[in-house]
1. Does Ser138 fit the bill of being over 30 Å from Phe255 (Cβ atoms) and without any contact (Cβ under 8 Å) to a residue 24 or more places away in the chain?
2. Just checking: which of the strands (runs of 3 or more DSSP E) contained wholly in segment 53-111 hold 3 or more residues that are open to solvent by less than 70 Å² (accessible area, probe 1.4 Å) and at pLDDT 90 or above?
3. Starting from segment 3-17, keep only residues that are within 9 Å of Ala35 (Cα to Cα), then list their pairs with residues that are surrounded by fewer than 15 Cβ atoms within 10 Å (Cβ to Cβ) and modelled with pLDDT under 75 whose Cβ atoms are within a distance under 8 Å, requiring at least 6 positions of separation or different chains.
4. If you take the residues of segment 302-316 that are more than 23 Å from the chain's Cα centre (by Cα) and in a helix (DSSP H, G or I), which of them is surrounded by the fewest Cβ atoms within 10 Å (Cβ to Cβ)?
5. If you take the residues of segment 302-323 that are among the polar types (S, T, N, Q) and at pLDDT below 95, which of them is nearest to Gly208 (Cα to Cα)?
6. Could you say whether any residue in segment 217-225 is modelled with pLDDT of 80 or more, crowded, with 16+ Cβ neighbours inside 10 Å, among the hydrophobic types (A, V, I, L, M, F, W, C) and under 19 Å from Leu312 (Cβ atoms)?
7. Between Ile241, Ile275, which is without any contact (Cβ under 8 Å) to a residue 40 or more places away in the chain, within 30 Å of Lys82 (Cα to Cα) and in a helix (DSSP H, G or I)?
8. Of all the residues that make up segment 226-246, how many are closer than 23 Å to Arg329 by Cβ and open to solvent by 10 Å² or more (accessible area, probe 1.4 Å)?
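The values are calculated or read from the model by the stated rules, or taken from the named source; none is laboratory data. Model, not experiment: these values are computed from the prediction. Counting neighbours? That spans all protein chains shown, and the Cβs are built from the backbone with ideal geometry, glycine included. Just the protein is used for accessible areas: all its heavy atoms, side chains included, with ligands, DNA and RNA removed. Shrake-Rupley method; radii C 1.70, N 1.55, O 1.52, S 1.80 Å.
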Amino acid sequence: MQDIDDEMKKPLLKHLVEITAHREHSRLALSVISALYQLTDVQEIRMLDIFNMRDAYYVQEKMVIRNGEIHTIDEHTTDDPKEPLSNYPAMMACIRSHLPEYAETADDGAHLLWLPVWLHGKMNSCLAIRSDSALEQSKLDVIRGIFHVYCNYQSLLDYSERDALTGLFNRKTFDEQFTKYAFAIAPHESHSLEKNERRHDDAGEAKGHWLAVVDIDHFKQVNDRYGHLYGDEVLILVANILRASFRSHDRIFRFGGEEFVILLRSTTLSDARKIFDRFRQNVQEYDFPQVGKVTVSLGFVGISRETPVVILGHADQSLYHAKENGRNRICFYEELVNSGVLNSGITTNDTVEFF
């Protein structure tokens, strides 16, 4: 730190302490771009996510800080803004040559520094820093130092939060995050919704938050017939389809085996049904190598003031009904209860096995 001004050392250490205090990816990223913005006095810093959907790559702005204000993807509740990766030649250059950073001058004369985040050999996000003039070496040192701390710390979080096979959030993460993410933003709790979030769509249908449990149909037969290596490949491919079928601010978890859980945020019942069924169709239409066709069943429920165990149990009941009535279908818990098909009892998530 000898090349860093003494005036910068104290706030730099303070920011590093704050950054490493976080245990969640989004809060960690927010802390990092806030620190960089305050320490370097740049125009703008953007955090861009990369994701794959239907064999094409897209870029989505996860968060941005400009004019001292931070905006995040969570503010987009009615759409899912994204752009093709081809719109970002600098990011494509980083991917092609596996570059640690990329600097360029924009058409308007601004200076851009691109810092790709590599995880498991793939670029999954990128910081884009915009400044009026070329950055001084001391500021570049600060940026690179904080960015490397961020990448290392993110890798540690990723290791503890993610399922090793699919890369999705794991069961432990669900147990820790459900209350603060899903239960805390239940539709009954108006104070917890984003201030700009609409409670109804244009047609007047109320919006809510939804939990779905997904199970791969006849997965035991896949393992028995083709072996666990092909079974693992099916799990990985289904996880990829899950990522492509839902928005970045929804949450997807692997609960173990062939079971997945989805937290779908802020949408109407009719749209939730369409989104879940679109995912089901995406799986049905996919050609899995060696295995061929695979289908999934899904049960979902509206998130309410009930405990996570009760909500998961209700989703499980609707999933079990889907499995018993033909598979390759989706079932909505409240609809089954209202029609008299199910009783509104409690079934915990650990009591049902699906084959």
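1. no
2. On the way: elements: 56-66, 69-72, 102-105.
Passing ranges, in order: 56-66.
3. Here the result reads Leu12/Met1, each pair linking segment 3-17 to a residue that is surrounded by fewer than 15 Cβ atoms within 10 Å (Cβ to Cβ) and modelled with pLDDT under 75.
4. Ranking the qualifying residues of segment 302-316, first place goes to Val310.
5. Start the filter on segment 302-323 by keeping residues that are among the polar types (S, T, N, Q), which leaves 304, 307, 317-318.
Now narrow it down to the ones that are at pLDDT below 95: 304, 307.
Details: Ser304: 9, Thr307: 16 Å.
Out of the qualifying residues, it is Ser304.
6. no
7. Result: Ile275 is the single residue among Ile241, Ile275 that is without any contact (Cβ under 8 Å) to a residue 40 or more places away in the chain, within 30 Å of Lys82 (Cα to Cα) and in a helix (DSSP H, G or I).
8. 6
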